[in-house]
Amino acid sequence: MARFIAEISSNHNGDLDRCQELIRQAAACGCWGVKFQLFRVERLFAPIVLQSSAQHRLRRRWELPRYYLPELAACARDAGLAFGCTPFDLEAVQTLRPHVDFLKIASYELPWLELVRACAATGLPLQISRGMARAAEIASAARTAAQAGATDLTLLHCVSRYPAPATECNLAALGGLRDLLAAEGVAARVGWSDHSVDAGVVSRAVRHWGAEVVEFHFDLEGRGVEYAGRHCWLPRDIQPVIAGQSFPAPAGCDGSGDLEPVAAEAEERPWRADPSDGLRPTLAVRRQWQERLERESAADPLVVLVAGGPGLGHLARLLALAEALREEQSDCRREGQPDAQHQESSPERRLRFLFFPPAQDKAQAQGSQAVLARDMLARHGFAWSDDPPTAENLLAGGPAACVVDFKEPCASLIEALQKAGCPTVVLDRPDCAQADRVIVPCFAWSPARELPHVVGGPEYLLVRQDMARLRPAVPPPVGRRVVVSFGAEDPFLLTEKVGAALARLPEQVPVDFILGPGLAQHRPVWPPPQLDRENFRLITTSDSLESLLPGAGLLITALGVTVAEAQQLGVPVAVLTNYEADAQQMAAMARAGAVADLGYHRAVTEDDLAHSLAALWADGERRRQLAGAGHGHADGQGAARCAAVVRALLDEGAGGESC
C-alpha cells in the first residue's frame, strides 16, 4: 500500500495553530506522513532577483518560522504521522536534523549536489523529486545520495507545473525510474509527487505503476497562500483516494516514459538552483537580469535613505518607504505587460541605504544592531553602507534626493545637503524648516498650523507593502496566545517586567517572547527567572512580523512601527511606553480605542501591570474591539503616500517628467 504524504508547503500562512490543524487533518485523511518546507528567501533566490522583483521578495510571507519545528514535530508524532521537511539551504539541513523523521530534496534543488550530500549525510530517510530533470541528472543525484550515506532513499517522479495537466504527467516514467536505479545499482523506492489534483492520475500511479509513495499538496479549506495555484488538494477530495477507491485514469496520463522534461516544464527549468551556489535561477538567467538591470537603470535617479536613532524602528520605516518607491518605479515600467511567475521585465529604482548607530551607543549598534540591520536589508534586497552620514558621503554618489529619518535634530546636515542642491525629505521632524518636504508618519499628529511642505498623520504610517498586502478585509478572530516584543534593544528591560506581570495571570496563558538575536548580550542574567515558566516560550529571531503574529490574541509592545504592523494584521495591541514624551500620542490612540494604554513604564508598578493585563486578557470583547479599531486606524497605504511625496520631489528636479 502506498504511503501518502501531505505536503503543507506554505499553506500554513505563518500560523502555528493552522499548521497543527493541517497536521491533524492529514492524519484524519489517512496519511502516513506530513511535510513542510524550510527556507529563507534571501537564501533561495539570487540577490539580483530580490533587487529586481517585488513578486519574489513577497515570498518572505511564505516562510515557516523555524521556532515552530519542535511543536510541529510533536504534533505530527502525537497524530501518528512521520514528520518531514524540505531544506532549501545547507544551514536548514542542520536546523532540521534534530526534529524530522525524513528529508526531501525539491525538484528545483536536484542539480545542487552539495545539498543532496548534506541531506544524505544526516542518515535520515531521504526523498528526491525529479521534476524537470533529465536521466543523467537523476542518476547523478541518486548516486550522490547513495555514496554520501543514504540508506533509505525514495525517488519521486514529478512534473513541475502548477497545476500539471493530466496529459503531461508521463506516469510511465515511474517504470523508467526503476530501470535507471537498477542500472545504477541504487536501492530506492519509487513514487509520485502530484501537482495534477486529479484522482484518476493518482489512482493510476498507485494501482498500475506501483508508486510506493505519493506526495500531494494539501490545504484545509482553500485559504492557504498556495491554493490559488490550483495544485492543492482539500481533505474531502484526497480522503477517498488515500482510502484506495478506484478512479478512471484520464486519457494520455501515461505518456512516453522518457526521463526528460515534458513540454509543460520548459519555462520552469531555467529557474532551478544553480549547482555552483544553490541559488535560483541558473547563472545564465541571472546574467540576463543583471545586464537588463544595468542597461535600463543607467538613467534612474539615486535615492539615499539615512536612518539613525535608537533601535531599528527608523530603519524599518525607511525600509517600508524604499520598497514602495522601488515597486512604484517597477509598476510604471511594466504597465500593460503580462505578469508571469518568474518574469519581472523591468528593474526598479536604484536605492542605497546608509545605516548608522546612534552616537551615544556606537559599540552596541555595531554589534547586535548591525547584525540585525544587515539581515533586514539583505532580506529585502538592499545594500548596506558603513559610511558615516556626512553630507560629503551622502553626496558622493550624486543622489537625486535624500530621505533622512533621525531621532535627533538634523538641521546642520539638511543645510549642507540643500547648499549642495540635493532635494531633501525629512521624516518625523515637523520643526525642520530647512527640508524641501517633511512627512510626519504619526498616529495622533495634526499640524498646529498649515505648512505647505509638511504632511502627516495616521494615513502616512510607514508599513511595508507586503504587510499591507496581508491586511485582511476584516480583523480575524482573536487568538489564544500573547506575543511580547520590545524590539532589538529593549533598553528598559520591559521584556522582564511584562514577563513578571504575565506570570501572575490566573490562568496559564501561552506567551511568546520575541527577542532579537543580540538581546541576551546586554542582560546581566539571561534568561531571567521571570521568564522561566512552562507556558512561556523565548523566541530568538529576526523573522518578520507577518510570520510571528498570525493567531495572536494580544501583542504587548512599545510605541513604534510594530504597532502599525500589528494593526494591519488585525491583532489587538497593548502598549507600554518607553518615553514620557509619548504620553500625549498614546492618550489620543487610547481614546480612539486603537490600543490599550498600559502606561509609562517608570510610572507603572508590577502590580498595576499584572492587574491591567489580567483584566485585558479576560475581556475577549474588549480585545476584539481593539483589533477592529486598530485595523480601521489606517488603510495600509502610508508607504505608498510617502513614496508619492518623494516621487513628486524627484519629478520637480527632473523638470516635471514622470513615468
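The values are calculated or read from the model by the stated rules, or taken from the named source; none is laboratory data. As the structure is a prediction and not an experimental result, all values here were calculated from the model. As a convention, Cβ positions derive from the backbone with ideal geometry for all residues, glycine included, and neighbour counts pool all protein chains shown. The accessibility values were calculated without ligands, DNA or RNA, using every heavy atom of the protein model including side chains. Shrake-Rupley method; radii C 1.70, N 1.55, O 1.52, S 1.80 Å.
Brief remarks on what is shown
- Close Lys pairs in the chain, defined as Cα atoms under 27 Å apart and 8 or more places apart or on different chains, number 5.
- Under a model in which nothing but the beta-carbon of Lys, Arg (+1) and Asp, Glu (-1) is charged, the chain shows a dipole of about 680 debye around its Cα centre.
- Scaled radius of gyration (Cα, divided by 2.2 N^0.38 Å) that the range 170-262 gives: 1.16
- Probe 1.4 Å, accessible area per residue of the range 500-575, Å²: 34 Å²
- Accessible area per residue, Å², the range 171-265 with all protein chains present, probe 1.4 Å: 41 Å²
- Close amide H partners of VAL573, meaning residues 5 or more places away or on another chain with modelled amide H under 5 Å apart, are LEU555, ALA596.
- Unit charges on C-beta of K, R, D, E only; dipole of the range 1-154, Debye: 280 debye
- Shown here: the range 1-119, whose C-alpha atoms stretch 43, 30, 25 Å along the first, second and third principal axes, sorted largest to smallest.
- Share of pairwise Cα separations in the chain, more than 31 Å, in percent: 56 percent
- Principal-axis tilt of helix 620-631 within the chain, Cα atoms, nearest 10 degrees: 80 degrees
- Charge-dipole axis of the chain as Lys and Arg at +1 and Asp and Glu at -1 on Cβ define it, positive-most pick from ALA139, LEU319, PRO475: ALA139
- For the range 257-262, 3J(HN,Hα) computed residue by residue from phi via the Karplus equation (6.51, -1.76, 1.60; θ = phi - 60°) reads x, 5, 8, 9, x, 7 Hz, glycine and proline entered as x.
- Look at the alpha carbon pairs under 8 Å that are at least 6 residues apart: their mean separation over the length of the chain gives a relative contact order of 12 percent.
- The charge dipole of the range 466-525, taken about the Cα centre with unit charges on the Cβ atoms of Lys, Arg (+1) and Asp, Glu (-1), comes to about 180 debye, rounded to the nearest 20.
- Annotation: for a label point projected 7 angstrom from Cα along Cα→Cβ of TRP445, residues of the range 545-589 with backbone N closer than 20 Å are 558-568, 577-589.
- Rounded, prolate or oblate (a/c below 1.5 giving rounded, otherwise prolate when a/b exceeds b/c) for the range 582-627 by Cα gyration tensor: oblate
- Three-way shape call for the range 1-45 based on the alpha-carbon gyration tensor, with the a/c threshold at 1.5: oblate
- With contacts taken as Cα pairs under 8 Å at a separation of at least 6 residues, the range 1-61 carries a relative contact order of 36 percent.
- With the charge dipole of the chain set up from +1 on Lys and Arg Cβ and -1 on Asp and Glu Cβ about the Cα centre, the Cα lying farthest toward the positive end among the listed residues GLY224, GLN94, GLN55 is that of GLN94.
- Per-peptide packing, taken as the mean over residues of other Cβ atoms within 10 Å, places 414-421, 486-493, 398-405 in the sequence 398-405, 486-493, 414-421 from highest down.
- In the chain, a dipole from Cβ-located charges (positive for Lys and Arg, negative for Asp and Glu) runs towards its positive end, and of PRO399, ALA249, PRO409 it is ALA249 whose Cα lies farthest in that direction.
- Axis of helix 606-618 versus longest Cα principal axis of the chain: the two differ by about 50°, to the nearest ten degrees.
- Accessible surface, the range 79-127, averaged per residue in Å² (probe 1.4 Å): 28 Å²
- For the range 593-657, averaging the sequence separation of C-alpha pairs within contact (under 8 Å, six or more residues apart) and dividing by the residue count gives a relative contact order of 39 percent.
- Counting protein heavy atoms only, the chain has 50 percent of its accessible area on carbon and sulfur, 1.4 angstrom probe.
- Whole-percent P(r), the range 442-505, all Cα pairs, 10 Å bins from 0: 14, 25, 33, 23, 5, 0.
- Sequence-distant residues sharing a close amide H with PHE45 (under 5 Å, placed H): ARG280
- log₁₀ of I(q)/I(0) at q = 0.22, 0.23 Å⁻¹ - the range 503-607, Debye sum with one point per alpha carbon: -1.45, -1.48
- Radius ratio Rg over Rh of the range 89-134, counting only Cα atoms, Kirkwood formula for Rh: 0.95
- Shape parameters for the range 461-550, alpha-carbon atoms, Rg then Dmax in Å: 14.6, 44
- Kirkwood-Stokes translational diffusion coefficient of the range 211-273, alpha-carbon pairs, 10 °C, 1.306 mPa s, µm²/s: 108 µm²/s
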